[in-house]
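Written below as structure tokens is the structure these notes are about.
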Amino acid sequence: MILTLTLNPAVDTCYYVKTFQVNASNRSQRYYKTAGGKGLNVSRVLQQLGASVVATGFLGGLTGQFIAKELQKMALHSAFVPIKEDTRNCLAIVDEQGQQTELLEAGPTISPQEREQFLSLLTDLIEQEAIKVLTISGSLPGGLQKDFYKSIVEKAKAKKILTLVDTSGEAFSEAIKASPYLIKPNLSELEELLSKKIESEEDAAQALQELQTFGIENSILSLGAQGSMARCGNALYRVQIPSVEVKSPVGSGDAMIAGMAWAILRQECYEEMLRIGSTCGVVNAMNNKTGTLDMEQFSTIYRQIVVKRL
Ligand code: ADP
């Protein structure tokens, strides 16, 4: 079973408008609300792949209730800690030219009691023999220390649970100190982590090599429409993806994490893990809805992914 962590989930509302004007009333006939946050995107993709998954994190207020109901509708197993403050709202406004304006709330502050409650829930969950893989995605809400993910990776490792980390900034630079099983930065996240520019495949290979000092088994550098590069064990890989008609690449990194977590649970080899993860990323980009996989597209794209050992 795979446990997914979403500590700062969001109700994502997307408004479609003809044109978007500041300092004016903008009307929208078409809008969608979804249970968002990177870890919930991962959970959705995992469920579509047929993996058994449990989602955990914090939920509060009416926005939290909305997310809980959405998860129930999807029949997704979840165990969230209720909090006093409201789960955040994130708004996206998309016009007919495809231009997107976003408004993202910072989110709630977790109290010390809520943090302790979560840690005890997490201990209960990872004590269960069934949990083999843990995904940690997204930003940390206020009230939690920057090394919060690091301590979770350590807890999971003590139970031989393989952890995938997909975050940024200080939470990321702290988490890698605990040597998670897999990390998947994109270009800007890896540049920020190593405080240097990556401008060529040679630079990327060198950067992935540098990460070896942290004792991380799998470091994947995702490159959007350019596919990815990876160092798995001692081998370096280049993953080439087909060019496709892109509807929305939002959440492709989350879909990739889900695919790789699923492959890891099934004890697939590195190449297969990269192929499944990349397929999920590409198929997500081919769909409008974040974290949605069309399984027919999955089979077609899967056959077109090329994983080359360098
Ligand atoms: P993140 O969302 O974390 O920034 P990426 O944008 O690098 O991650 O996407 C992860 C993976 O999803 C890529 O390696 C690729 O396989 C797929 N992907 C992302 N964007 C596109 C795109 N525009 N076209 C095709 N595949 C994409």
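The values are calculated or read from the model by the stated rules, or taken from the named source; none is laboratory data. None of the values given here were measured: they were computed from a predicted structure. Cβ atoms come from the backbone with ideal geometry, glycine included; neighbour counts cover every protein chain shown.
Tell me which residues, restricted to the stretch 126-147, are in contact (Cβ under 8 Å) with a residue 60 or more places away in the chain and either closer than 17 Å to residue 171 by Cα or part of a helix (DSSP H, G or I) (or both). Residues satisfying the conditions are 126, 134, 135, 136, 137, 138, 139, 140, 141, 144. Taken over the stretch 131-145, the criterion of being under 25 Å from residue 255 (Cα atoms) and more than 17 Å from the chain's Cα centre (by Cα) is satisfied by 131, 132.
Taking the stretch 182-207 as the range and being assigned to a loop (DSSP other than H, G, I, E, B) and buried (at least 20 other Cβ atoms within 10 Å of the Cβ) as the test, the residues that pass are 184, 185, 198.
Would you check which residues across the stretch 33-70 are aliphatic (A, V, I, L, M), touching a helix residue (DSSP H, G or I) at 6+ places or on another chain (Cβ under 8 Å) and under 26 Å from residue 287 (Cα atoms) and list them? Once the filter is applied, which keeps residues that are aliphatic (A, V, I, L, M), touching a helix residue (DSSP H, G or I) at 6+ places or on another chain (Cβ under 8 Å) and under 26 Å from residue 287 (Cα atoms), the stretch 33-70 yields 35, 40, 42, 45, 46, 49, 51, 53, 54, 55, 67.
Yes/no per residue for (1) of a type in the set (A, V, I, L, M); (2) in contact with a helix residue (DSSP H, G or I) (Cβ under 9 Å, 6 or more places away or on another chain); (3) surrounded by 20 or more Cβ atoms within 10 Å (Cβ to Cβ); (4) under 20 Å from residue 156 (Cβ atoms):
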{"residue": "98", "(1), (2), (3), (4)": "no, no, no, no"}
{"residue": "102", "(1), (2), (3), (4)": "no, no, no, no"}
{"residue": "109", "(1), (2), (3), (4)": "no, no, no, no"}
{"residue": "115", "(1), (2), (3), (4)": "no, yes, no, yes"}
{"residue": "118", "(1), (2), (3), (4)": "no, no, yes, yes"}
{"residue": "124", "(1), (2), (3), (4)": "no, no, no, yes"}
{"residue": "128", "(1), (2), (3), (4)": "no, no, no, yes"}
{"residue": "132", "(1), (2), (3), (4)": "no, yes, no, yes"}
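Might you let me know whether the stretch 201-212 holds any residue that is at pLDDT below 95 and touching a helix residue (DSSP H, G or I) at 6+ places or on another chain (Cβ under 8 Å)? There is at least one residue in the stretch 201-212 that is at pLDDT below 95 and touching a helix residue (DSSP H, G or I) at 6+ places or on another chain (Cβ under 8 Å). Selection of the stretch 215-232 for residues being surrounded by fewer than 23 Cβ atoms within 10 Å (Cβ to Cβ), within 8 Å of the ligand (Cβ to nearest atom) and on the phi < 0 side of the Ramachandran plot yields 223, 225, 226.
Taking the numbered list (1) over 15 Å from the mean Cα position of the chain (by Cα); (2) near the ligand (Cβ under 8 Å from one of its atoms); (3) not in a strand (DSSP E or B) in turn, residue 263 passes all entries but (2). Has the stretch 258-275 got any residue that is surrounded by fewer than 19 Cβ atoms within 10 Å (Cβ to Cβ) and β-branched (Val, Ile, Thr)? Among the residues of the stretch 258-275, not one is surrounded by fewer than 19 Cβ atoms within 10 Å (Cβ to Cβ) and β-branched (Val, Ile, Thr), which makes the answer no. Look at residue 255 and say whether it is surrounded by fewer than 23 Cβ atoms within 10 Å (Cβ to Cβ), in contact (Cβ under 8 Å) with a residue 12 or more places away in the chain and of a type in the set (Gly, Ala, Ser). No, not satisfied. Could we say that residue 207 is farther than 21 Å from residue 255 by Cβ and within 16 Å of the ligand (Cβ to nearest atom) here? Judged against the criteria, residue 207 is a match.
Using the structure shown, decide if residue 255 is within 8 Å of the ligand (Cβ to nearest atom), closer than 20 Å to residue 50 by Cβ, of a type in the set (Gly, Ala, Ser) and in a helix (DSSP H, G or I). So residue 255 passes the test.
Note on the stretch 68-91: among residues that are of a type in the set (S, T, N, Q) and farther than 19 Å from residue 107 by Cα, the one that is surrounded by the fewest Cβ atoms within 10 Å (Cβ to Cβ) is 72.
Suppose we keep only residues that are modelled with pLDDT of 95 or more and near the ligand (Cβ under 7 Å from one of its atoms) within the stretch 241-251. Which one would you say is nearest to residue 227 (Cα to Cα)? Within the stretch 241-251, the match that is nearest to residue 227 (Cα to Cα) is 241. Here is the figure for the stretch 276-310: residues that are within 15 Å of residue 184 (Cα to Cα) and either more than 10 Å from the ligand (Cβ to nearest atom) or not in a helix (DSSP H, G or I) (or both) total 1.
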